Amino acid sequence: MLSIKNLHASVEGTPILKGINLEVKAGEVHAIMGPNGSGKSTLASVLAGREEYEVTEGEVSFKSKDLLDLSPEDRAREGVFLAFQYPVEIPGVSSTNFLRTAVNQVREYRGLEPLDAVKFLSLMKEKMKLVEIDQKLLSRSLNEGFSGGEKKRNEIFQMAMLEPTLSILDETDSGLDIDALRIVSNGVNQLKSDNNATIVVTHYQRLLDYIVPDFVHVLYNGKIVKSGTKELAMELEEKGYDWIKEEADKATV
Amino acid sequence: MSKDNQILEEFTSKEYEHGWSVNYEADEAPIGLNEEIIRWISAKKEEPQWLLDWRLKAFRAWEKMTEPEWANVHYPKIDLQKLRYYSAPKQSKKPKNLDEVDPELLQIYERLGISLNEQKRLQGIAVDAVLDSVSVGTTFKETLGKLGIIFCSFSEAVHNHPELVKKYLGSVVPMTDNYYAALNSAVFSDGSFCYIPKGVRCPMELSTYFRINAANTGQFERTLIVADEGSYCSYLEGCTAPQRDENQLHAAVVEIFAAKDAEVKYSTVQNWFPGDKEGKGGIFNFVTKRGICFGDNSKISWTQVETGSAVTWKYPSCILKGDNSIGEFYSVAVTNNYQQADTGTKMIHIGKNTKSRIVSKGISAGKSQNSYRGQVQVMKRAHNARNFSQCDSLLMGSKCGAHTFPYIDIQNSTAKVEHEATTSKIGEDQLFYCNQRGIATEDAVALIVNGYAKEVLNQLPMEFAVEAQKLLALTLEGSVG
């Protein structure tokens, strides 16, 4: 589904990603871990098409299309979803109105009829249960005055509504208490199927207790320096990142 | 950062939709401005002597006045001697009702999306359509007449209800109020007149649609709304003009009189031609709008959505004379390209327990300048006066400007006056967030801008709110790529 080859990217001339290689197949969950500043969030942003990040080398194909060639909105319409680490606030625009615009633009791209108000609301009702989100929250301005937990829940709710094929969760666990973490993970797990894939970007192993990854990759200094299974995450939790850094630094010398 | 700017610059290139004009045979005054012209206009309209005298008095006062220069707008001086002060489509005889109106003229309004014929039957809105200097037709006259409501062109009111016109004309905006109001008083050609009798709640929206068609012609219309005791009406005003290279002058006067317990809601969606991308052409919109809450417990509410005009210069105001009276001002002003707007309101608290509320939302894009100018005045005997003002500015790009000039003058120590102001920018973060959910950039801007202006748009009647939302999106379309 997703194939990243030798991806290099920089921000304002500073290289951040220095040759990422990653293959993600349908039905898989990949966790990207790594110390602060290793490039995890950059990778998520580059895949979603954020403009400040300049891709200097490499290629990314998504469902056999050149992902880097698509505009951010077309990537979304093709099925790439990014759950933001810091979702922005849009005053005066209700979540409902926002999502209806989004869902219908995605549908139009896919050649489907737009959903009318009734169908849209019933779809919303159905998906709301997944993340135990309150309808009152959805009639409020998007993310405005939401607590950290509400913002993240709303991200997963949007994911449920848009039914992406590739979901990238950027530090979705940050700022969540244990209950919110359980609810959010529960939502993600229910949305998992054989036809979609998930990339979980996280600093801590904690989230992976709930969303169990098939593969764990450690990002350091702009490269994936180690890949493994769930056990690798456990090891990192226990020993920290220093041993990985040492190993990687030795290899480059 | 540079990307941000580039995006926003590209977003500013949508052409003006109503820029077409129609050729019709016109009945025109000679170009120029002097007493003869005023007599000519008055004679053309078969006006009574008192009105001619009133015009001439205004003209003589105007001659001694000078054009004000305090507004934060810059424009080439208008040579008022080179303008034409009257232009009307020639009609063989005066139409008695809409069926007799020249179909070609009705078509102009059809093309603007205002079908006078259809409206007559379908929608709950009565329309007075003003083309250049004259009213071409008013709908729903009979229905309203049954309730005693008078809704007609100003000229008709002069002939059929002279006592009302005489009593209220110039009572809120005196003829010598300011340079352009004096000019208007001298040369005004038509406009709408509305009278709601005691205790009547007007069952439909009343609306005037102004269209400038002729070139080199100034539009000087007057609107006078009188709401008698305990009555209510909601009034809408819409405007467009063809796209021309020269600037055109629109200097209107609107007067609202609210008696005891009366309420008037006045909404404007102003979409005059704003000039092209280089700032060439466009309407100079120099308008005096004022309402007086004359009686106790009366209320006047102004809502305006300003998207057009090269230069806008207007301050819909409320004089809160009656005790417990309420004045409101809700405004969204969008400027793009080289547009300039200096707009706001005045709330003059005279009566006890008077309240006013000001919500102003400025949106600047391109190289435009957008100023809010507002005055809150609390007079000596206005015990317990309350005012709340909120002035927000939204900037798109880095070449535009937003300015706020609040004036506060309090002469009574029991007054409570609050002022809040914010300035924000449409962030790349917000746009990217929308993009990531599959929303195209232009739709994202429309969504964000409409969200920002929501508090004001909510004040508009339903049909207008939808139109205004589309207009906001259209005005800013092309300014983000």
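Here B:467, B:420 are screened, and the one residue that is of a type in the set (Asp, Glu), in contact (Cβ under 8 Å) with a residue 12 or more places away in the chain and either surrounded by fewer than 15 Cβ atoms within 10 Å (Cβ to Cβ) or within 14 Å of chain A (Cβ to nearest Cβ) (or both) is B:420. Beta carbons closer than 7 Å, at least 6 apart along the sequence or on distinct chains, never pair a first residue in region A:106-118 that is more than 23 Å from residue A:72 (Cα to Cα) with a second that is in a helix (DSSP H, G or I) and among the aliphatic types (A, V, I, L, M).
The residue list A:181, A:169, A:176 contains one member that is within 24 Å of residue A:86 (Cβ to Cβ), outside any helix (DSSP H, G or I) and free of Cβ contacts under 8 Å to residues at least 60 places away in the same chain, which is A:176.
What about residue A:10, is it open to solvent by less than 30 Å² (accessible area, probe 1.4 Å), more than 10 Å from chain B (Cβ to nearest Cβ), of a type in the set (Gly, Ala, Ser) and farther than 18 Å from residue A:197 by Cβ? Talk me through it step by step, then tell me what you get.
Working: open to solvent by less than 30 Å² (accessible area, probe 1.4 Å): yes; more than 10 Å from chain B (Cβ to nearest Cβ): yes; of a type in the set (Gly, Ala, Ser): yes; farther than 18 Å from residue A:197 by Cβ: yes.
Here the answer is yes, as residue A:10 does meet what is asked.
This table checks each residue for (1) among the β-branched types (Val, Ile, Thr); (2) surrounded by fewer than 24 Cβ atoms within 10 Å (Cβ to Cβ).
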residue	(1), (2)
B:272	no, no
B:295	no, yes
B:299	no, yes
B:302	no, no
B:312	yes, no
B:335	yes, no
B:349	no, no
B:352	no, yes
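Scanning region A:134-144 for residues that are in a loop (DSSP other than H, G, I, E, B) and either open to solvent by 60 Å² or more (accessible area, probe 1.4 Å) or more than 14 Å from chain B (Cβ to nearest Cβ) (or both) turns up A:134, A:140, A:144.
Remark: pairs (first residue in region B:67-83, touching a residue at least 12 places away in the same chain (Cβ under 8 Å); second residue buried (at least 16 other Cβ atoms within 10 Å of the Cβ) and acidic (Asp, Glu); Cβ separation under 9 Å; 6+ apart in sequence or on different chains) = B:71/B:342; B:72/B:342; B:73/B:342.
Counting only residues that are touching a helix residue (DSSP H, G or I) at 6+ places or on another chain (Cβ under 8 Å) and at pLDDT 95 or above, which one in region A:33-48 is farthest from the other protein chains (Cβ to nearest Cβ)?
Filtering region A:33-48 down to residues touching a helix residue (DSSP H, G or I) at 6+ places or on another chain (Cβ under 8 Å) leaves A:33-35, A:47-48.
Then drop every residue that is not at pLDDT 95 or above, which leaves A:47-48.
Details: A:47: 10, A:48: 5 Å.
Here the answer is A:47.
Within region A:55-93, the set of residues being outside any helix (DSSP H, G or I), open to solvent by less than 30 Å² (accessible area, probe 1.4 Å) and within 14 Å of chain B (Cβ to nearest Cβ) comprises A:79, A:80, A:81, A:82, A:83, A:84, A:87, A:88, A:90, A:92, A:93. Within region B:26-45, the set of residues being at pLDDT 90 or above and open to solvent by 40 Å² or more (accessible area, probe 1.4 Å) comprises B:34, B:35, B:36, B:39, B:40, B:43.
Considering region B:397-415, the residues that are open to solvent by less than 60 Å² (accessible area, probe 1.4 Å) and in contact with a Lys or Arg (Cβ under 7 Å, 6 or more places away or on another chain) include one that is farthest from residue B:367 (Cα to Cα), namely B:412.
The set of residues in region A:145-166 that are more than 16 Å from residue A:88 (Cβ to Cβ) and part of a loop (DSSP other than H, G, I, E, B) comprises A:163, A:164, A:165.
Among the residues of region A:125-137, those that are within 21 Å of residue B:438 (Cβ to Cβ) and within 21 Å of the chain's Cα centre (by Cα) comprise A:127, A:128, A:130, A:131, A:133.
The values are calculated or read from the model by the stated rules, or taken from the named source; none is laboratory data. What you see is a predicted model, and the numbers here were worked out from it, not measured in a lab. Please note: Cβ atoms are built from the backbone with ideal geometry, for glycine as well, and neighbour counts cover all protein chains shown. Surface areas here come from the heavy atoms of the whole protein model, side chains and all, with no ligands, DNA or RNA. Shrake-Rupley method; radii C 1.70, N 1.55, O 1.52, S 1.80 Å.
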